[in-house]
Amino acid sequence: MARHRVVQWSTGNIGRRALAILLDRDDFEVVGVHAFGSNKVGCDAGVLADRPPIGLTATSDVDALIELAPDCVNYMPRVIDHELVGRLLRRGINVVTTGDFLTGSHHPAERRALEEAAQQGRATFLGTGFEPGFINVVAGFLTGACRQVHHVKLIETLDCTTYPVQDVWKVLGFGKPPRQRVTPIDPDTQRYGLGYFETLDMIADMLGAQLEAKEAFVENAVLTRDLKLGWVDYAVGTVGGQRRTYRGLRNGRPVVELAICWTMSDDALDPQWDDPKGFSVVIEGEPHVDATIRFGRPGQDVMTVLMDSTAVAAVNAIPFVCDAQPGVITPIDLPLIGSQGALA
């Protein structure tokens with residue numbers, strides 16, 4: 001089995017998990033680790049991944065990591081530095097990222113620059129992940145058994161009480177009185193979350209169609225009583241749930257839809273959405289398809305499970321990205337395959 005020389009770039013929530021997977025796999029050799037912060041730079045990579053020391057020290061030295069000439073950089077910072085990624089590609093280093101990038105349809109300038117860099121260096125770039133990413137491909141794949149498709153809808157419904165990152169929820173407006181119950185989302189003014197819009201293009205592409213327009217909005221659910229979660233307290237009348245809906249239109253009607261429902265309560269929200277927990281795929285067509293997919297066991301922290309799955313999706317893509325033709329590819333360009341090497 002050929003081993004791919006990989007640099008893990010960043011060791012945050014997803015990066016740390018990816019590093020552990022890379023270290024556990026026989027088909028990868030971790031040759032470098034990029035880390036942010038004085039508490040991680042200089043630390044042993046194994047320790048950063050909750051593994052025994054391996055004698056490899058994490059660094060913030062970009063030039064030194066590039067000089068390693070790895071087969072691939074598994075790039076997982078909070079925000080993509082497109083100039084840095086272009087530099088990697090021009091040096092012939094393949095890049096897989098879980099950043100906010102799938103098809104590049106909402107990153108046109110960046111996609112053009114990455115494509116040019118990839119062609120120059122004969123390297124490949126892939127933006128992937130779980131959601132956006134893997135689960136959207138699953139929804140599109142299910143249409144492959146349909147003779148006719150009128151509408152595809154994927155609904156993500158997650159209990160977020162086990163994700164105690166207050167800054168994230170505060171930015172989204174949780175714990176604050178909503179200014180309005182429903183707010184439009186304009187992709188032209190958004191800095192983050194554009195990958196959700198790009199999932200619509202990806203599924204449409206799987207159907208051999210192009211979308212004519214897109215629309216999106218966020219609906220707030222307010223708490224009907226005070227909520228004490230242990231890591232945060234939310235008052236009655238403040239936001240305790242959000243449902244973000246993204247729609248792709250063709251011939252004047254929605255044909256592809258993504259709804260993301262994040263809640264902090266199962267019984268104290270107005271409105272109280274009743275979608276099943278997990279991921280629901282509903283295809284209006286011939287035949288009608290209604291599938292619910294759940295990750296994790298009952299009572300397990302689903303947020304942790306999905307962060308693990310995000311890391312797995314990226315790591316599993318690395319061998320195929322290394323073998324792909326140069327350029328910018330998307331998750332639907334990957335071969336249909338399972339998690340190689342995972343069978344216990």
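Using the scaling law 2.2 N^0.38 Å as the reference, what is the normalised Cα Rg of the stretch 143-185?
After normalising by residue count via 2.2 N^0.38 Å, the value is 1.85.
Once you compute Rg and the Kirkwood Rh from C-alpha atoms, what is the Rg to Rh ratio for the stretch 273-344?
So for the stretch 273-344, dividing Rg by the Kirkwood Rh gives 1.05.
Can you run phi through the Karplus equation (6.51, -1.76, 1.60; θ = phi - 60°) for the stretch 135-151 and list ³J(HN,Hα) in whole Hz, with x for Gly and Pro?
Values, residue by residue: 5, 5, 5, 4, 4, x, 4, 5, 5, x, 9, 9, 6, 9, 10, 9, 7 Hz.
Quote the relative contact order of the chain in percent (integer), defining contacts as alpha-carbon pairs under 8 Å separated by 6+ residues. Spell out each step's value before the answer.
Details: 722 pairs, mean separation 70.4, N = 344.
Normalised by residue count, the contact order of the chain is 20 percent.
Summarise the long-distance tail of P(r) for the stretch 117-261 by giving the % of C-alpha pairs beyond 18 Å.
For the stretch 117-261, the fraction of Cα-Cα distances above 18 Å is 64 percent.
Return the sequence-ordered ³J(HN,Hα) values of the stretch 121-132 in whole Hz as given by the Karplus equation 6.51 cos²θ - 1.76 cosθ + 1.60 applied to θ = phi - 60°, using x for Gly and Pro.
In residue order, the calculated couplings are x, 6, 10, 10, 10, 9, x, 8, x, 9, 8, x Hz.
Please give me, ordered by residue number, the trypsin sites (Lys or Arg not before Pro) of the stretch 1-81 that lie in loop per DSSP and have at most 16 other Cβ atoms within 10 Å.
In loop regions of the stretch 1-81 (DSSP not H, G, I, E or B), the sparsely surrounded trypsin sites (Lys or Arg not before Pro) are Arg3, Arg78.
Need one number: convex hull volume per residue for the stretch 1-150, Cα atoms only, in Å³.
144
Of Gln210, Ala317, Pro187, whose Cα points farthest to the positive end of the dipole of the chain (charges on the beta-carbon: +1 Lys, Arg; -1 Asp, Glu; origin at the Cα centre)?
Pro187
How many percent of the alpha carbon pairs in the chain exceed a separation of 36 Å?
When all Cα pairs of the chain are counted, 23 percent exceed 36 Å.
Before I look further, what does the chain give for accessible area per residue, probe 1.4 Å, in whole square angstrom?
For the chain, the solvent-accessible area averages 48 Å² per residue.
Compute the long axis of helix 302-323 from its Cα atoms, compare it with the longest principal axis of the Cα atoms of the chain, and write down the angle in degrees, 0 to 90, nearest 10.
Roughly 40 degrees between the two axes.
Relative to the first principal axis of the alpha-carbon coordinates of the chain, what is the inclination of helix 194-206, with its axis defined by its Cα atoms, in degrees from 0 to 90 and to the nearest 10?
Relative to the chain, helix 194-206 is tipped by roughly 90 degrees.
Semi-axes of the equivalent ellipsoid of the stretch 6-77: what are they in whole Å, largest first, if each equals the square root of 5 times a C-alpha gyration tensor eigenvalue?
15, 15, 11
Out of Phe141, Ala118, Thr103, whose Cα points farthest toward the positive end of the dipole of the stretch 58-197 (charges: +1 Lys, Arg; -1 Asp, Glu; placed on Cβ)?
Most positive-ward Cα: Phe141.
Run the helix sum for the chain: -39,500 (n - 2.57) per DSSP H stretch of 4+ residues, divided by residue count, reported at 222 nm to the nearest 500 deg cm²/dmol.
Values: 9 runs with 95 residues, N = 344.
Estimated from H runs of four or more residues: -8500 deg cm²/dmol.
Rg and Dmax of the stretch 181-271, Cα atoms, in Å?
Computed over the Cα atoms of the stretch 181-271, radius of gyration and Dmax are 16.1, 48 Å.
Let me spell out the model: positive unit charges on the Cβ of Lys and Arg, negative unit charges on the Cβ of Asp and Glu, origin at the Cα centre of the stretch 186-287. What dipole size does that give, in debye rounded to 20?
Its charge dipole is roughly 180 debye.
If I take all pairs of Cα atoms in the stretch 220-344, what percentage of them are more than 22 Å from each other?
Within the stretch 220-344, distances greater than 22 Å cover 59 percent of Cα pairs.
Could you pull out the pairs from Lys153/Lys176; Lys40/Lys176; Lys153/Lys277; Lys176/Lys214 whose alpha carbons sit more than 26 Å apart here?
Details: Lys153/Lys176 29 Å; Lys40/Lys176 34 Å; Lys153/Lys277 15 Å; Lys176/Lys214 28 Å.
Pairs exceeding the cut-off: Lys153/Lys176; Lys40/Lys176; Lys176/Lys214.
Taking the Cβ-Cβ separation of Thr304 and Arg51 as r and a Förster radius of 22 Å, what is the calculated FRET efficiency to the nearest 0.05?
Efficiency, rounded to the nearest 0.05: 0.80.
Per 5 Å bin from zero, what fraction in whole % of the C-alpha pairs of the stretch 94-187 is there, up to the bin with the longest pair?
2, 9, 12, 14, 17, 16, 14, 10, 4, 1, 0
Could I have the simple spin-label model distance between Gln166 and Arg78, label points 7 Å from Cα toward Cβ, reported in nm to one decimal?
With each label point 7 Å from Cα toward Cβ, the separation is 1.6 nm.
Using a simple charge model, +1 on the beta-carbon of Lys and Arg, -1 on the beta-carbon of Asp and Glu, nothing else, what dipole does the chain show about its Cα centre, in debye to the nearest 20? Can you show the working numbers first?
Working: 32 positive and 43 negative charges, 49 e Å.
It comes to approximately 240 debye.
First compute the accessible area of the stretch 186-286 with a 1.4 Å probe, then give the percent of it belonging to carbon and sulfur atoms.
On the way: 1930 of 4480 Å².
Its accessible area is 43 percent carbon and sulfur atoms.
The values are calculated or read from the model by the stated rules, or taken from the named source; none is laboratory data. Since the structure is predicted, the reported quantities are computational estimates derived from the model, not experimental observations. Positions of Cβ are backbone-derived with ideal geometry, glycine not excepted, and every protein chain shown enters the neighbour counts. Ligands, DNA and RNA are excluded from the accessible area calculation, which covers all protein heavy atoms including side chains. Shrake-Rupley method; radii C 1.70, N 1.55, O 1.52, S 1.80 Å.
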